[in-house]
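Have a look at the structure below before the remarks.
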2 protein chains.
Amino acid sequence: MCSPLVLARVQAALDRRAFVGAGMAMTATLAAAGLGARGVSARQATPAATPVGRSVIAGYANVVDLTHTASPTFPVYPGTGQMEMVVQNSYEADGYYSNRLTLNEHTGTHVDAPAHFFSDGATADLIPVERLIAPLVIIDISARAAGDPDAQLTPDDILAWEMANGALPGGSFVAMYSGWERRLADPDTYVNVDSGGVQHYPGIHPDAAVLLVNERDIVGIGVDTLSQDFGASTDFATHVAILGAGKYGVENVANLGSVPPAGGMVIVGGPKHLAASGGPARVLALF
Amino acid sequence: MCSPLVLARVQAALDRRAFVGAGMAMTATLAAAGLGARGVSARQATPAATPVGRSVIAGYANVVDLTHTASPTFPVYPGTGQMEMVVQNSYEADGYYSNRLTLNEHTGTHVDAPAHFFSDGATADLIPVERLIAPLVIIDISARAAGDPDAQLTPDDILAWEMANGALPGGSFVAMYSGWERRLADPDTYVNVDSGGVQHYPGIHPDAAVLLVNERDIVGIGVDTLSQDFGASTDFATHVAILGAGKYGVENVANLGSVPPAGGMVIVGGPKHLAASGGPARVLALF
């Protein structure tokens, strides 16, 4: 899965977490990225927001990284296969360092393009770029999900958000926050497969997806779990509704609990390779 | 390099360029992404900026995609090896579509992290997230580069930019625009290796890099060619200056000719995988 060299590099990277390189101050951002000195196992820590500082985008004071750190141990949807990393160039042999990566497009924090399910849907490289910057709506079902791994975000949750915050902004990106990322400390509990082979984690109910695409104006949806549909889904009806309407999904979104439910913006740094069904994305929130 | 299935997919994607999927209007963004009906060979077209519209970030009216579409035919630095794509899931066999990708981290529009050259430098996943959003400074050497493939951005070019636009903003991302991307229509001319095996394309002169890291305040640099250093470099002195100072580089930046030289912002949707020496990035400009 992963060469000894890369494992050594990964360990070296973990050991180096306390040192961020020449000229780079250790900042709250490391905590924001969930990458403290404890390394991967600290990923589930809730980060503080980082002031944008000099690089402020007018009107937004903070940036939060909504991206998990992908790695050969980051959990994937069953059957996808883990990411692999092999050192291609080393300091010793070449004077510089690089890796060759092998991964399914649907690895880590990633985009599902309409073409993931629909042969006539847009591939990720063709999603219009202005749809990658959108008002960020976060709907918190974490209280319910804490007691029910099969919890789903329902139309009532959308209506409750609107009661509290007003109508969904036009062109919104609507994200489910279930708090599920806490389980990344033990990846098996994140995938959460039962003895019958059925996964159990929260997702967005198909009825909510249909409401969003038919009665609201969205660019896409996000979930902090492995799939737009809840783990026990057999028909992927949320994927079908969202991708079939030409919207995109983002799965394994991080740190949504650190961003206000309304008023922020999301930047989806989605993949851009030819014929992409999706791919890893760098996702940032501004608020 | 690339399975027949993936080649078929690529052709299908090219054939589909006129159709952007259910619910997605054909917009100027397709031209902005350099992906017109002619497909890859149209990549070098200079795009119009796309109005951000409803998803406007306060104060910025336009977004431009600074990212090339990576593919198995996109040129790479010699020795890197091309990106490979293999269809892992197909509509016919699985009911959905995905690819397994194999690529060096330094493929397409991508980040060079300090760790690319320095074992004690930050890996890409640890670059503080607020450094990924920065004032965008574009220094145009395209007139000189048109007549000289070995043209370099010099300290004088930086001083001339400042004479015209004022001092470099704090925390800037400084990008060289050489117009080189026009050569992507014929990838061999983009790499431009002479009979002696030496590459010839523009880059940022080491003296300019030293000026930027010692006498100005930057987060990183960008180039619209394969390397921060010009192609004929033998010592990679610009890489050494930039990465050694804990700054990052972005190579193969697209469409810089469509963004004003001053006043814009860049969002570098850099890679986030463990121990990354760099990796593909989605790079956007706002202005």
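Quick note: the coordinates plus some simple rules give every number you see, no bench work behind them. Quick caveat: nothing in here was measured; it's all calculated off a predicted structure. Positions of Cβ are generated from backbone atoms using ideal geometry, with glycine treated the same way; all protein chains shown enter the neighbour counts.
Observations on the model:
- Flag for A:Gly249 being under 12 Å from the mean Cα position of the chain (by Cα), on the phi > 0 side of the Ramachandran plot and either part of a strand (DSSP E or B) or surrounded by 23 or more Cβ atoms within 10 Å (Cβ to Cβ) (or both): no
- Under the condition of being among the β-branched types (Val, Ile, Thr) and either surrounded by fewer than 21 Cβ atoms within 10 Å (Cβ to Cβ) or more than 7 Å from chain B (Cβ to nearest Cβ) (or both), the residues counted in region A:118-143 number 5.
- Residue in region B:253-266 that is under 20 Å from A:Ile267 (Cα atoms), facing chain A (nearest Cβ under 10 Å) and out of contact with any Ser or Thr (no Cβ under 8 Å at 6 or more places or on another chain) present: yes
- Exclusive hit being of a type in the set (A, V, I, L, M) and facing another protein chain (nearest Cβ under 9 Å), set B:Val63, B:Val111: B:Val63
- Within region A:72-93, the residues that satisfy the criterion of being over 22 Å from A:Arg282 (Cα atoms), more than 9 Å from every other protein chain (Cβ to nearest Cβ) and either part of a loop (DSSP other than H, G, I, E, B) or among the acidic types (Asp, Glu) (or both) are A:Pro78, A:Ser90, A:Glu92.
- Selection status of B:Gly147, more than 7 Å from chain A (Cβ to nearest Cβ), more than 23 Å from B:Ile218 (Cα to Cα) and more than 20 Å from the chain's Cα centre (by Cα): yes
- Matching residues, region B:82-112, being out of contact with any helix residue (DSSP H, G or I) (no Cβ under 8 Å at 6 or more places or on another chain), farther than 11 Å from A:Asn104 by Cα and among the hydroxyl-bearing types (Ser, Thr, Tyr): B:Tyr91, B:Thr107, B:Thr109
- Which numbered condition B:Pro149 misses (of (1) surrounded by fewer than 22 Cβ atoms within 10 Å (Cβ to Cβ); (2) not in a loop (DSSP other than H, G, I, E, B)): (2)
- Checking B:Ala167, B:Ala134, B:Ala122, B:Ala143 one by one, the residue that is small (Gly, Ala, Ser) and in a helix (DSSP H, G or I) is B:Ala143 and no other.
- Residue that is buried (at least 24 other Cβ atoms within 10 Å of the Cβ), over 24 Å from B:Tyr60 (Cβ atoms) and more than 13 Å from every other protein chain (Cβ to nearest Cβ), where the choices are B:Pro202, B:Pro187: B:Pro202
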